[in-house]
Amino acid sequence: MAIALTFIVSLGLSALLASTRGHWQVLDIPNERSLHSQPTPRTGGIAILAGLVTGGLVAWWQVAQALVMWPVIVAVTLLAAIAQLDDRHTLGPVPRLAIQLGVVALVLTTGTANTFPPVTLFIAGLFLVWMINLYNFMDGMDGFAGGMAVIGFTCFALLAWQSNDAALATGCGVIVAAAAGFLLFNFPPAKLFMGDTGSTVLGLLAGLVILYAHVTGLLPVWLGILVFSPFIVDASATLARRLLRGERVWEAHKTHYYQRLVESGWGHRRTVLAEYALMAACGASALVAVRLATHWQTTIIAVWAVIYVTLMYLIHRAEQRRDKHR
């Protein structure tokens with residue numbers, strides 16, 4: 001019931017937002033750093049948020065009364081509000097970061113996470129802030145962030161279902177439904193973007209699910225990170241490279257690996273389908289690894305590290321070939 005209602009709300013609002021050109025609509029105007037060529041509404045995050053809140057409340061009423069849900073709902077709403085304001089008026093990095101820190105403090109000092117020792121709590125806070133921002137950084141290609149949410153949270157829903165954690169399974173199902181309703185209008189060629197409202201909320205929820213699964217013993221944090229590693233590796237490697245070059249990391253750019261792949265001639269659809277396959281493989285690896293001994297989990301992580309280094313090298317070589325032919 002919760003999952004179905006979430007999908008209906010997200011789908012219906014996405015259809016409305018994708019077809020409306022009212023004075024309240026916010027358009028993403030293409031610039032030199034964009035991968036799209038037509039002005040596109042970037043209010044899809046409103047549909048995702050509405051689906052999440054509606055389905056989340058129903059899910060709490062149905063199966064998750066034992067969970068402390070109100071801090072998450074309040075945090076998600078606050079994060080979405082500041083992101084929507086940013087979508088409309090372009091706030092600076094300092095106000096955004098201040099709200100993000102407040103939101104993270106709220107969710108970490110209530111519920112399951114408040115059992116963390118201080119140092120672990122600090123690290124968890126940094127992790128959540130990074131997840132919020134990296135999901136926002138990676139929302140730059142049609143169908144990418146929405147599709148990753150569908151695949152990643154489906155993986156956690158399956159894991160929770162296998163472990164008889166009805167609350168987490170339903171919660172992840174609600175997130176999948178909210179993202180899926182939006183994705184039908186965001187798959188290449190996109191008619192609607194999620195904007196900061198959707199990407200920051202999904203980033204926070206991804207980080208919270210990874211931490212929750214670790215705290216409850218459902219999935220070690222390194223395997224949770226593996227599930228979302230296509231986002232985490234690309235964003236982290238790109239950030240490190242830009243920091244080493246002395247660039248302003250908070251400014252928009254086109255140097256993420258997925259952007260470079262699109263620019264190399266792959267295009268949106270081929271690139272996003274390849275990313276879907278990559279994340280599905282990462283999720284499947286995590287589901288297999290959770291049943292194995294720690295040394296085998298470490299081996300799987302090491303294998304994926306080699307795969308990522310190889311993929312980054314191949315993208316770099318593809319760029320060189322493109323530049324040579326030009």
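The values are calculated or read from the model by the stated rules, or taken from the named source; none is laboratory data. None of the values given here were measured: they were computed from a predicted structure. Because the Cβ atoms are built from the backbone with ideal geometry, glycine has one as well, and the counts that use them run over all protein chains shown.
Below is a table of values for the structure above.
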item: Subset tally (residues that are touching an Asp or Glu at 6+ places or on another chain (Cβ under 9 Å), among the charged types (D, E, K, R) and over 28 Å from Asp196 (Cβ atoms)) for segment 130-167; result: 0
item: Of the criteria (1) touching a residue at least 12 places away in the same chain (Cβ under 8 Å); (2) under 24 Å from the mean Cα position of the chain (by Cα); (3) over 23 Å from Thr154 (Cα atoms), which one Glu319 fails; result: (2)
item: Number of the condition not met by Ala83 [criteria: (1) touching a Pro at 6+ places or on another chain (Cβ under 9 Å); (2) crowded, with 23+ Cβ neighbours inside 10 Å]; result: (1)
item: Subset tally (residues that are modelled with pLDDT of 75 or more, over 20 Å from the mean Cα position of the chain (by Cα) and among the hydroxyl-bearing types (Ser, Thr, Tyr)) for segment 76-132; result: 3
item: Among (1) more than 30 Å from Val288 (Cβ to Cβ); (2) among the charged types (D, E, K, R); (3) part of a helix (DSSP H, G or I), the one test that Glu247 misses; result: (3)
item: Qualifying residue in segment 267-290 (condition: outside any helix (DSSP H, G or I), at pLDDT 95 or above, closer than 29 Å to Lys191 by Cβ and under 19 Å from the mean Cα position of the chain (by Cα)); result: no
item: Selection status of Arg269, more than 30 Å from Ile123 (Cα to Cα) and touching a Pro at 6+ places or on another chain (Cβ under 7 Å); result: yes
item: Selection status of Gly55, surrounded by 22 or more Cβ atoms within 10 Å (Cβ to Cβ), more than 18 Å from the chain's Cα centre (by Cα) and either part of a loop (DSSP other than H, G, I, E, B) or at pLDDT 80 or above (or both); result: yes
item: Residue list for segment 181-195, restricted to those being crowded, with 22+ Cβ neighbours inside 10 Å and either aliphatic (A, V, I, L, M) or under 11 Å from the mean Cα position of the chain (by Cα) (or both); result: Leu183, Ala190, Leu192, Met194
